[in-house]
């Protein structure tokens, strides 16, 4: 009989939820045992609240009980908002707790008498997303904390500080059934699913009437709001198309195709200057779309190739497929004649009707002919919409893990006895998450690095400062195999853009030696 204690605990904590701060300098992970706050750029832990052991049914309300935190959001390094959850929750899943990390205690508590599905937090508002409505709390000055006495006579006392937290219900917004807890909170705007399927509503928090627009014909599955609140991106349960709308005019600005097959969109994110749109799905691939395709990446090699291409004359097949004054990749203006300004080989009537082959200098290569034929088919009215849609400028795989259906713990099957006296193996149900009724672990939660200021340090290994130079994208996954990954979007040597995985960290394990 082996009586030795295991070196590694048998039940490691699992990540139940992941959320980024409004400034995207921190992210917080709700665990099966408490929660932890990490730096976004280095994935290093910055704060972990101490947990108290359960003492029967009586616990101190100003402390966190050792148990699962199903929802957690962070406002940089001081304020947290948490809700219990998981297989062994720390408390009721109907209670919202607002926590001060500096003081190490709760400063506000609300029992909503209904299960809270998700939270959103900013410097002015806290939003609790419920099954068919959302409650907006406005932050107010709660109290002034007295100066903290020093731990020793040699230390100076901590100065008094003002406490701010949710203290007033500002609005109550009705939505359609929202099982995935979709919501985006800006500085003065709240984006939620509307009460009709496929519609999105914009709720101004500074005053005014809400506006509703139709984004998809099916239910909305993912939402993203830009930093300035001017652009919102949406995806439906089909997961094939991503659409971008203006919050001021409600006009559709762009539409991108992620793929042909149906997929579950994990997350959407918009870059700080509204140049890039990133998307992850259960296919395990992250796509990046260009919201301003007129911008050209700063690449010398591409400029040389482009200038050399303009010096070449168009081939005979290109002349046959292209009309005057329009792009080869489109046949919307095809007229059968060439432009008078064209200096390319025009061919003869005999060559046009196939009575005489064109000269070798005018014949396209096999690759050029295939590209030209594909461009012709894309521009024709018979081509399917799939070929005409705008695709991503770069893509790369991200870590999805190998989580089992019962990744939160517990056996996958149990035995029971039938009325006839026989034993029968029964499959145990999968424990759901607050914002995911299927119980799948959070994966592919993405965020762009914040915009670098004039004196601030550039982001990533390539020292990227703005969207025209590229972007730094962080992808964080949870479950039993949590991982933080950093990607860089950079100009490619051959033109266009490329997405590079710069590294990863398993942020719940030991990173460095003591």
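Within segment 123-140, work out how many residues are exposed (fewer than 14 other Cβ atoms within 10 Å of the Cβ) and in contact with a strand residue (DSSP E or B) (Cβ under 6 Å, 6 or more places away or on another chain).
Residues that pass the stated criteria total 1.
Filter segment 173-202 down to the residues that are in a strand (DSSP E or B) and over 21 Å from the mean Cα position of the chain (by Cα), then identify the one that is nearest to residue 438 (Cα to Cα).
The residue in question is 174.
From the residues in segment 205-226 that are surrounded by fewer than 18 Cβ atoms within 10 Å (Cβ to Cβ) and out of contact with any strand residue (DSSP E or B) (no Cβ under 6 Å at 6 or more places or on another chain), which one is modelled with the highest pLDDT?
217
Being at pLDDT 95 or above and either surrounded by 21 or more Cβ atoms within 10 Å (Cβ to Cβ) or in contact with a strand residue (DSSP E or B) (Cβ under 7 Å, 6 or more places away or on another chain) (or both) narrows it down to one of 470, 477, so name that one.
One residue alone meets the criteria, 477.
With respect to residue 461, is the statement that it is within 30 Å of residue 271 (Cβ to Cβ) and part of a strand (DSSP E or B) true?
For residue 461, the condition - within 30 Å of residue 271 (Cβ to Cβ) and part of a strand (DSSP E or B) - is not met.
Per-residue answers, yes or no, for (1) assigned to a loop (DSSP other than H, G, I, E, B); (2) surrounded by 10 or more Cβ atoms within 10 Å (Cβ to Cβ); (3) not assigned by TED's automatic domain parsing to the domain that holds residue 16:
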{"site": "409", "(1), (2), (3)": "yes, yes, yes"}
{"site": "415", "(1), (2), (3)": "no, no, yes"}
{"site": "419", "(1), (2), (3)": "yes, no, yes"}
{"site": "429", "(1), (2), (3)": "yes, no, yes"}
{"site": "439", "(1), (2), (3)": "yes, yes, yes"}
{"site": "451", "(1), (2), (3)": "yes, yes, yes"}
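The values are calculated or read from the model by the stated rules, or taken from the named source; none is laboratory data. What you are looking at is a predicted structure, and each value in this text was computed from that prediction instead of being measured. Using ideal geometry, Cβ is built from the backbone for each residue, glycine included, and neighbour counts are taken over all protein chains shown.
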